[in-house]
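Participant: Questions regarding the structure given below will be posed in turn.
The values are calculated or read from the model by the stated rules, or taken from the named source; none is laboratory data. What you see is a predicted model; the values in this text were computed from it and never measured. Positions of Cβ are backbone-derived with ideal geometry, glycine not excepted, and every protein chain shown enters the neighbour counts.
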């Protein structure tokens with residue numbers, strides 16, 4: 001494809017979109033689909049056609065609109081009216097209202113902090129474009145970042161922009177993305193790979209799933225830019241097989257991108273070639289660890305291996321391999337279009353940009369959010385999340401999934417940054433946040449996560465295989481009131497052993513929920529033992 005053809009297609013789609021007097025966006029991401037939004041979409045399409053409005057009103061399925069707890073969600077543009085809990089029976093009244101005033105009983109106010117305090121980069125297109133039409137992605141400057149990289153920049157200049165942005169890996173560890181890219185770029189090899197880690201397995205996490213369902217082309221573009229920067233010609237997207245809709249839309253996007261010529265051979269009439277294939281995971285949580293993921297792609301059992309060597313030096317089939325998660329790669333097109341300096345002005349000095357979170361649990365406004373780094377945890381819970389339902393008190397927020405920790409209210413005024421969360425025994429993780437109220441038992445929370453880690457342990461190393469099982473047994477003993485003070489001492493000693501002797505990150509971080517609840521909610525453990 002020639003660069004001018006890309007511009008022409010984008011302009012045509014923008015012009016075509018202006019012909020519609022009304023556009024009705026129906027959320028068709030998994031959250032709303034579970035509440036039958038597909039039936040709402042079908043009913044709206046039929047109602048618009050039957051009323052003879054199909055020349056002026058367009059109904060289209062879009063990705064996640066954010067407030068998942070209020071689904072099915074429907075948005076009417078250009079008015080921007082958002083409707084919540086829409087049912088098939090509401091459709092005639094909703095279509096009729098296009099000629100009059102909105103249906104007040106269904107209106108969801110967009111003036112609340114949930115919408116007003118978000119800053120969207122990764123989710124900028126979610127809810128606005130049809131994820132199954134590449135033309136709509138082009139109309140919002142899609143593939144312009146790749147075009148700029150391939151036709152106007154050298155690979156080292158692309159990496160410099162990523163370094164300048166300060167982007168850190170959004171998969172959990174927060175490793176500087178530009179530094180990882182530099183390592184792979186400097187590796188001397190005839191073959192290099194780029195892997196997108198979409199093996200999202202944390203309980204309560206659905207960020208990657210929604211990005212793939214809502215805007216799959218931003219991942220494809222991000223991977224292609226990464227391939228150009230580090231000298232790779234082959235990419236793999238490793239995605240959980242439990243995400244059928246994400247897989248369907250991703251494969252559809254890859255077909256259309258290849259047909260258009262933005263991936264494949266001679267991209268934008270240059271010598272650069274890059275191919276992407278999808279690999280499905282069988283549901284093993286440990287395959288989120290990069291060496292286990294690599295083993296799975298190679299067709300072997302998904303067991304981790306010791307590092308070094310790191311994948312950047314010897315990864316897939318022994319070749320230099322760049323591994324980034326979905327959200328990290330989704331930031332790349334915007335960084336290329338707007339510059340690394342622009343991205344660095346968002347967030348805080350140590351943690352730039354935004355972070356996507358899945359906000360769930362005992363909170364009024366649950367769903368998918370994107371906020372600037374550095375925002376206080378209190379703002380996330382009580383402003384964006386709208387506080388705790390039923391006038392109950394906040395007890396804790398759990399971040400980072402099974403590898404994270406539980407944070408009490410006394411620490412809610414701290415900023416959302418990698419280092420600050422680590423200081424109190426939690427982690428940023430991939431972005432799952434679960435809110436707990438005063439009715440939650442922190443001992444039960446710790447036991448739940450330990451049983452999860454026990455089930456998901458690959459069993460390769462003794463500390464994780466045996467240690468997590470023994471920790472789960474001790475936690476059950478405490479929860480059932482059968483433990484002694486000596487058991488509590490043993491629990492802490494065993495946490496230390498598992499944390500410092502396990503082979504990979506799953507085992508090393510498995511004790512975190514236990515240690516954080518012992519640190520901040522020790523009185524609950526003692527109450528179970530004494531009473």
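Participant: What are the pairs, 6+ residues apart or on separate chains, where a residue within the range 27-42 that is within 14 Å of residue 67 (Cβ to Cβ) has its Cβ under 7 Å from a residue that is at pLDDT 95 or above and in a helix (DSSP H, G or I)?
Facilitator: Here the result reads 27/37; 29/210; 29/213; 29/214; 31/68, each pair linking the range 27-42 to a residue that is at pLDDT 95 or above and in a helix (DSSP H, G or I).
Participant: With the structure loaded, tell me whether residue 123 is in contact with a strand residue (DSSP E or B) (Cβ under 6 Å, 6 or more places away or on another chain) and not in a loop (DSSP other than H, G, I, E, B) or whether it fails that test.
Facilitator: So residue 123 fails the test.
Participant: If I go through the range 376-399 residue by residue, how many of them are without any contact (Cβ under 8 Å) to a residue 40 or more places away in the chain, part of a strand (DSSP E or B) and out of contact with any helix residue (DSSP H, G or I) (no Cβ under 8 Å at 6 or more places or on another chain)?
Facilitator: Matching residues across the range 376-399 total 0.
Participant: Looking at the range 34-56, can you tell me whether even one residue there is under 22 Å from residue 118 (Cβ atoms), at pLDDT 95 or above and in a helix (DSSP H, G or I)?
Facilitator: There is at least one residue in the range 34-56 that is under 22 Å from residue 118 (Cβ atoms), at pLDDT 95 or above and in a helix (DSSP H, G or I).
Participant: A further question follows. Looking at this structure, is residue 413 part of a helix (DSSP H, G or I) and surrounded by fewer than 17 Cβ atoms within 10 Å (Cβ to Cβ)?
Facilitator: Judged against the criteria, residue 413 is not a match.
Participant: Inside the range 70-106, can you point out the residues that are in contact with a strand residue (DSSP E or B) (Cβ under 7 Å, 6 or more places away or on another chain), under 23 Å from residue 129 (Cβ atoms) and not in a loop (DSSP other than H, G, I, E, B)?
Facilitator: Answer for the range 70-106, where residues must be in contact with a strand residue (DSSP E or B) (Cβ under 7 Å, 6 or more places away or on another chain), under 23 Å from residue 129 (Cβ atoms) and not in a loop (DSSP other than H, G, I, E, B): 74, 75, 76, 77, 81, 82, 83, 94, 98.
Participant: If you don't mind, there's one more thing I want to ask. Evaluate the range 476-499: report whether one residue or more is under 29 Å from the mean Cα position of the chain (by Cα), without any contact (Cβ under 8 Å) to a residue 12 or more places away in the chain and part of a helix (DSSP H, G or I).
Facilitator: The answer is no; no qualifying residue exists.
Participant: Six or more apart or on different chains, Cβ atoms under 8 Å: show the pairs whose first residue is in the range 293-307 and over 17 Å from residue 457 (Cα atoms) and whose second is surrounded by fewer than 12 Cβ atoms within 10 Å (Cβ to Cβ).
Facilitator: 298/317
Participant: Please indicate, with yes or no, whether at least one residue in the range 208-215 is in a loop (DSSP other than H, G, I, E, B), buried (at least 24 other Cβ atoms within 10 Å of the Cβ) and within 13 Å of the chain's Cα centre (by Cα).
Facilitator: yes
Participant: What are the residues in the range 387-405 that are crowded, with 20+ Cβ neighbours inside 10 Å and over 30 Å from residue 468 (Cβ atoms), if any?
Facilitator: Within the range 387-405, just 388 meets the criteria.
Participant: Another one. Against the condition at pLDDT below 95 and within 30 Å of residue 369 (Cα to Cα), how does residue 453 come out, does it pass?
Facilitator: yes
Participant: Give the range 41-59 a look and list any residue that's closer than 18 Å to residue 127 by Cα and out of contact with any strand residue (DSSP E or B) (no Cβ under 6 Å at 6 or more places or on another chain), or say none.
Facilitator: Answer for the range 41-59, where residues must be closer than 18 Å to residue 127 by Cα and out of contact with any strand residue (DSSP E or B) (no Cβ under 6 Å at 6 or more places or on another chain): just 42.
Participant: Name the strands (runs of 3 or more DSSP E) wholly within the range 286-375 that hold at least 2 residues that are in contact with a helix residue (DSSP H, G or I) (Cβ under 6 Å, 6 or more places away or on another chain) and under 21 Å from residue 127 (Cβ atoms)?
Facilitator: Result: 354-361, 367-372.
Participant: A further question follows. Test residue 227 against the criterion of being surrounded by 19 or more Cβ atoms within 10 Å (Cβ to Cβ), more than 28 Å from residue 11 (Cβ to Cβ), more than 15 Å from the chain's Cα centre (by Cα) and at pLDDT 95 or above, and give yes or no.
Facilitator: It is false that residue 227 is surrounded by 19 or more Cβ atoms within 10 Å (Cβ to Cβ), more than 28 Å from residue 11 (Cβ to Cβ), more than 15 Å from the chain's Cα centre (by Cα) and at pLDDT 95 or above.
Participant: Please count how many residues of the range 243-284 are outside any helix (DSSP H, G or I) and at positive phi.
Facilitator: 4
Participant: Criterion first (crowded, with 18+ Cβ neighbours inside 10 Å, in the same structural domain as residue 212 (by TED's automatic domain parsing) and out of contact with any strand residue (DSSP E or B) (no Cβ under 8 Å at 6 or more places or on another chain)) does residue 147 satisfy it?
Facilitator: Here the answer is yes, as residue 147 does meet what is asked.
Participant: A further question follows. What number of residues in the range 194-207 are within 19 Å of residue 360 (Cα to Cα) and part of a loop (DSSP other than H, G, I, E, B)?
Facilitator: Here the count works out to 7.
Participant: Can you tell which of 345, 352 is over 14 Å from the mean Cα position of the chain (by Cα), modelled with pLDDT of 95 or more and within 20 Å of residue 172 (Cα to Cα)?
Facilitator: Just a single option satisfies the conditions, and that option is 352.
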